[in-house]
1. Yes or no: residue 33 free of Cβ contacts under 8 Å to residues at least 60 places away in the same chain and assigned to a loop (DSSP other than H, G, I, E, B)?
2. For residues in region 1-60 being surrounded by 15 or more Cβ atoms within 10 Å (Cβ to Cβ) and over 12 Å from the mean Cα position of the chain (by Cα), which is nearest to residue 81 (Cα to Cα)?
3. Give me the pairs: first residue in region 76-89 and closer than 18 Å to residue 1 by Cα, second residue in a loop (DSSP other than H, G, I, E, B), beta-carbon distance under 8 Å, and six or more apart or on different chains, which are they?
4. Could you tell me whether any residue of region 79-86 is crowded, with 17+ Cβ neighbours inside 10 Å and within 28 Å of residue 32 (Cβ to Cβ)?
5. List pairs: first in region 40-53 and at negative phi, second part of a loop (DSSP other than H, G, I, E, B) and exposed (fewer than 11 other Cβ atoms within 10 Å of the Cβ), Cβ under 9 Å, 6+ apart or cross-chain?
């Protein structure tokens, strides 16, 4: 399943709340193809945060977030990401080395 990062930030211009507040407990219980996995807060004194999702598309994440009222409190940008790290680099290096 593809993974996405969603970057959440308070709106630049204050908005009048129109509807119920974000339903974090409801989102936590959601079981389906679009799943919230984890959220990271870079600084506890900063209102921005980043969440990790599994979903078929960025639009699927936006739909779930709208269903749980997250766009009232935050502006969100969603990006597909590919995970890789040191083990992947070393494995690719080994694959490219010619045999002696």
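Values quoted throughout were computed directly from the atomic coordinates according to the rules given, and no laboratory measurement underlies them. Everything numeric here is computed off the predicted structure, so don't read it as measured data. All Cβ positions, glycine included, derive from the backbone under ideal geometry; neighbour counts span all protein chains shown.
1. On the way: free of Cβ contacts under 8 Å to residues at least 60 places away in the same chain: yes; assigned to a loop (DSSP other than H, G, I, E, B): yes.
Yes: the conditions hold for residue 33.
2. Only one residue tops the list, namely 27.
3. Matching pairs, first to second residue: 80/2.
4. Step one: filter region 79-86 for residues crowded, with 17+ Cβ neighbours inside 10 Å, giving none.
Looking through region 79-86, none of the residues is crowded, with 17+ Cβ neighbours inside 10 Å and within 28 Å of residue 32 (Cβ to Cβ).
5. These pairs meet every condition: 48/42; 49/42; 50/42.
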